Structures are given as C-alpha cells and as structure tokens.
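We did not get these values from a lab; they are worked out from the coordinates using the rules stated. In this text, all values refer to a predicted model and were calculated from it rather than measured experimentally. Neighbour counts run over all protein chains shown; Cβ positions are idealised from the backbone, glycine included.
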Amino acid sequence: TVIYHSEVNMSTERTFSILKPNAVAKNVIGSIYSRFENAGFTIVAAKMLHLSRELAAGFYAEHDGKPFFDGLLDFMTSGPVVVQVLESENAVQRYRDLMGATNPANALAGTLRADYADSMTANAVHGSDSAASAAREIAYFFSDDEICPRVG
Ligand code: UDP
C-alpha cells in the first residue's frame, strides 16, 4: 500500500514567527532557534530584514488606532528582525504556548517571553494567534517559493 505524504501529515500545521529587534540585538537568534527545534518545530522558511514603517504598520493593521500602536512601530523598526515559518502538529497553539503571555510579567517560567522579553512591547517574539492569521502573516512575508517543505 502506498501511503501518501498528505495522509501521514494530515494534522501538520504552519505558524508565523518573528524574532523581534530586541531578541536580535541580544544575539540570541541561535538560542531561540534551538528552542524551536527542541520543542519539535521544523523551520521551513526564514529570513532577516529591517522592517520599514509601512511594512510594520501593514502587519499590525489590526492594532492601528490603539494607544500602543506608534510605540510598537517605533520598536519593530528599531533594528533587524528574523521572520520564520514553523511547522509541527498543532503549530499555532503549540507556538503560542512556547512564547508565553504577551506581557512578560505574566509569562510562565520556561517560555520564550519569560526568558527574553524586556517589556510588554519589546517582548522578543511574535506568533500568529490563529490558523487564519498564520495564513495571512506567512503570505505577507514569504512567497510560495521561499517556503521549503521538509524533505524526509
Ligand atoms: N503590545 C504593546 N502594548 C500592549 C499590547 C500589545 O506594546 O498593550 C505589543 C506587543 O509587542 C504585542 C503586540 O503589540 O506582542 C501585538 O499585540 P497582541 O495583543 O496581538 O499580542 P501577541 O499576539 O503578540 O501576544
């Protein structure tokens, strides 16, 4: 019997992640990538870039008008970021759990934000909050040919 790839990976999901400027500035890209891999995620796309204000504003459009919006854009454009697509079973929820709460004061011990966040705004990492957000956010930063499905 031939078992097709799609049948053995029916619950595989992708989520979108950003290492925010404070994480890159701290020189912990590799440490956080190890955390992704140790938690069972496969990195299937990745790149470093310095966000323009326009790109950051489009990404965070749902927060436009909120009191923290301008400060968030100041922070997100303050230095380079690393963006990646993570794949695993139930990736959206599993990555939210790995990140911890938005406010690092509430982030559980052992989460990325507990370990690397400096403030509510400079909270080290971003992760999609739903499968629909993940699809939008992945497409916002990556073309289809920049995503490299795992081989083997
Ligand atoms: N943020 C902030 N102040 C707030 C709420 C959010 O600076 O009061 C920033 C923070 O960097 C957060 C991002 O805006 O990660 C997006 O907020 P969201 O509520 O979507 O949190 P997340 O999904 O990133 O945990």
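Of the residues that sit in region 47-59 and are in contact with a Ser or Thr (Cβ under 9 Å, 6 or more places away or on another chain) and of a type outside the set (Ser, Thr, Tyr), which one is farthest from the ligand (Cβ to nearest atom)?
Here the answer is HIS50.
Got at least one residue in region 35-46 being in a helix (DSSP H, G or I) and over 13 Å from the mean Cα position of the chain (by Cα)? Outline the logic, then answer.
Taking region 35-46 first, the residues in a helix (DSSP H, G or I) are 35-38.
Still in the running and over 13 Å from the mean Cα position of the chain (by Cα): 37-38.
Yes, the conditions are met somewhere in region 35-46.
What number of residues in region 98-127 are touching a Ser or Thr at 6+ places or on another chain (Cβ under 9 Å), under 12 Å from ARG35 (Cβ atoms) and surrounded by fewer than 20 Cβ atoms within 10 Å (Cβ to Cβ)?
1
Of all residues being near the ligand (Cβ under 10 Å from one of its atoms) and either of a type in the set (Phe, Trp, Tyr) or over 20 Å from the mean Cα position of the chain (by Cα) (or both) in region 60-69, which is farthest from GLU137 (Cα to Cα)? Just the residue, please.
At the first step, the residues of region 60-69 found to be near the ligand (Cβ under 10 Å from one of its atoms) are 60, 62-63, 66-69.
Narrowing the set further to residues that are either of a type in the set (Phe, Trp, Tyr) or over 20 Å from the mean Cα position of the chain (by Cα) (or both) leaves 60, 66-69.
Numbers: TYR60: 10, LYS66: 20, PRO67: 23, PHE68: 20, PHE69: 18 Å.
It comes out as PRO67.
Which residues, taken from region 79-125, are more than 12 Å from the ligand (Cβ to nearest atom), out of contact with any helix residue (DSSP H, G or I) (no Cβ under 7 Å at 6 or more places or on another chain), in contact (Cβ under 8 Å) with a residue 24 or more places away in the chain and not in a loop (DSSP other than H, G, I, E, B)?
GLN84, GLU87, GLU89, ALA91, ARG94
Residues that are part of a helix (DSSP H, G or I) and of a type in the set (Phe, Trp, Tyr): does region 55-71 have at least one?
For region 55-71, residues part of a helix (DSSP H, G or I) and of a type in the set (Phe, Trp, Tyr): present.
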